[in-house]
Amino acid sequence: MFVLVLAACGSDEEAAGTDGDTGADSDATETEDTGSDTEEGDSKEASEKLVIGFSQVGAESEWRTANTTSMQDAITDAGHELKFSDAQQKQENQIKAIRSFIAQKVDAIVFSPVVETGFETVLQEAKDAKIPVFLSDRAVDIEDDSLWVTFLGSDFIEEGKKAGNWLVEEMEGEGEVNIVELQGTVGSAPAIDRKEGFEQIISEYPNFEITKSQTGDFTRAKGKEVMEAFLKSDGDNIDVLYAHNDDMAIGAIQAIEEYGLKPAEDIVIIGVDAVKGAFEAMAAGKMNVTIECNPLFGPQMVEIIEQYLAGEEVPKRIAVEESMYTMDQAEELLPTRQY
Ligand code: GZL
């Protein structure tokens, strides 16, 4: 078990005697393993081995699966022990998982919150147990930012703005543009911010209007279901679909084809994530653009955890570099895509 001691307040006797905290304290200035039953070599090895609890949202999309694999591989490849929980997109399961990690006295918790609110109590419990929490992918809307060490993920507002700017450049001069929107999980950071970023841009253009907006919960099945309802109620007046992730866009493409329209021609299709499925749809001429949201930051997260537990300063927020890809690039890039 990884033990952090406070050079500032602990004498050697105190440090040697304590079974210690099992996690970084924000004042931690040095680290050592006080385990009395380990040799120098082992203790060095033991002190490097961490136990990391990872509370993941679920397995709702291609993006999520790639993010899970990236994080799990990074933790195990670094020689640490992984305790993994898939919350199946349920907040109560994430709260249970974090409490379980606390009870098991893990060294660190990686947490991708399914929604922005409702986690204050359990994050305070982790802080009280001196177990550092690292936010992965999604943020929480909590005043007290001492409840987590850092946030590593994307700038979702920027992603929404990229989608809006692409659309304006593509269709500015085309009169009235009626947009339907498939939102991500209600209350989640990506859904809130991708909507905000997109609207920041199109609100400058009176001829662009979001005529329908509903959650598809980031899944293909729900995306298809909601798009079917949009088409049924107003199919002849839809010019654009803005989907908060590619999985919902792919589900909607099926609905559009079954309705008898041509995706990417009769209805412009905008997705987010840049998963392989989107490149396949664009290469088939069924999707126009996808805004990249890179899930492959597992190694970066492990590095941050190790740095923090070694007593180094880490930034409060670390954004992942991202791009966007259009239909004309898809065929050439598809073989290079890693997720
Ligand atoms: C974004 C991530 C979102 C993806 C979806 O970082 O939280 O959740 O865009 C996933 O595909 O379900």
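Points to keep in mind about this one:
- Hits in the stretch 164-205 - residues which are farther than 23 Å from Arg317 by Cα, in contact (Cβ under 8 Å) with a residue 60 or more places away in the chain and open to solvent by less than 10 Å² (accessible area, probe 1.4 Å): Leu167, Val177, Ile179, Val180, Glu181, Leu182
- For the stretch 49-138, the helices (runs of 4 or more DSSP H) that sit wholly inside it and include 3 or more residues that are charged (D, E, K, R) and touching a residue at least 60 places away in the same chain (Cβ under 8 Å) are 62-77.
Residues checked against (1) within 16 Å of the ligand (Cβ to nearest atom); (2) among the hydroxyl-bearing types (Ser, Thr, Tyr); (3) outside the structural domain of Thr121 (by TED's automatic domain parsing):
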| site | (1), (2), (3) |
| --- | --- |
| Ser61 | yes, yes, no |
| Arg64 | yes, no, no |
| Ser70 | yes, yes, no |
| Lys83 | no, no, no |
| Gln88 | yes, no, no |
| Glu92 | no, no, no |
| Ile98 | no, no, no |
| Val110 | yes, no, no |
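- Across the stretch 86-101, the number of residues qualifying as of a type in the set (A, V, I, L, M, F, W, C) and either surrounded by fewer than 20 Cβ atoms within 10 Å (Cβ to Cβ) or at pLDDT below 95 (or both) comes to 1.
- The set of residues in the stretch 133-146 that are open to solvent by 10 Å² or more (accessible area, probe 1.4 Å) and away from the ligand (no atom under 15 Å from the Cβ) comprises Ile142, Glu143, Asp144, Asp145, Ser146.
- For the stretch 208-225, the criterion of a residue being within 16 Å of the ligand (Cβ to nearest atom), open to solvent by 50 Å² or more (accessible area, probe 1.4 Å) and among the aliphatic types (A, V, I, L, M) is satisfied by at least one position.
- Checking each residue in the stretch 283-301 for being over 14 Å from Ser323 (Cβ atoms) and aliphatic (A, V, I, L, M) picks out Ala283, Ala284, Met287, Met301.
- Residue selected from the stretch 239-250 under the condition open to solvent by less than 10 Å² (accessible area, probe 1.4 Å) and more than 12 Å from the ligand (Cβ to nearest atom), by the criterion nearest to the chain's Cα centre (by Cα): Tyr242
- Scan of the stretch 174-199 for residues that are modelled with pLDDT of 95 or more and more than 19 Å from Asn245 (Cβ to Cβ), ordered by number: Glu176, Val177, Asn178
- Looking only at the stretch 256-301, and only at residues there that are open to solvent by 10 Å² or more (accessible area, probe 1.4 Å) and of a type in the set (A, V, I, L, M, F, W, C), the one that is farthest from the ligand (Cβ to nearest atom): Leu261
- Test for Gly311: is it over 20 Å from the mean Cα position of the chain (by Cα) and within 16 Å of the ligand (Cβ to nearest atom): no
The values are calculated or read from the model by the stated rules, or taken from the named source; none is laboratory data. Computed from a prediction, not measured in an experiment: that's the story for all the values here. Note: ideal-geometry Cβ built from the backbone for every residue, glycine included; neighbour counts use all protein chains shown. Quick note on the areas: whole protein, heavy atoms, side chains included, nothing else; ligands and nucleic acids left out. Shrake-Rupley method; radii C 1.70, N 1.55, O 1.52, S 1.80 Å.
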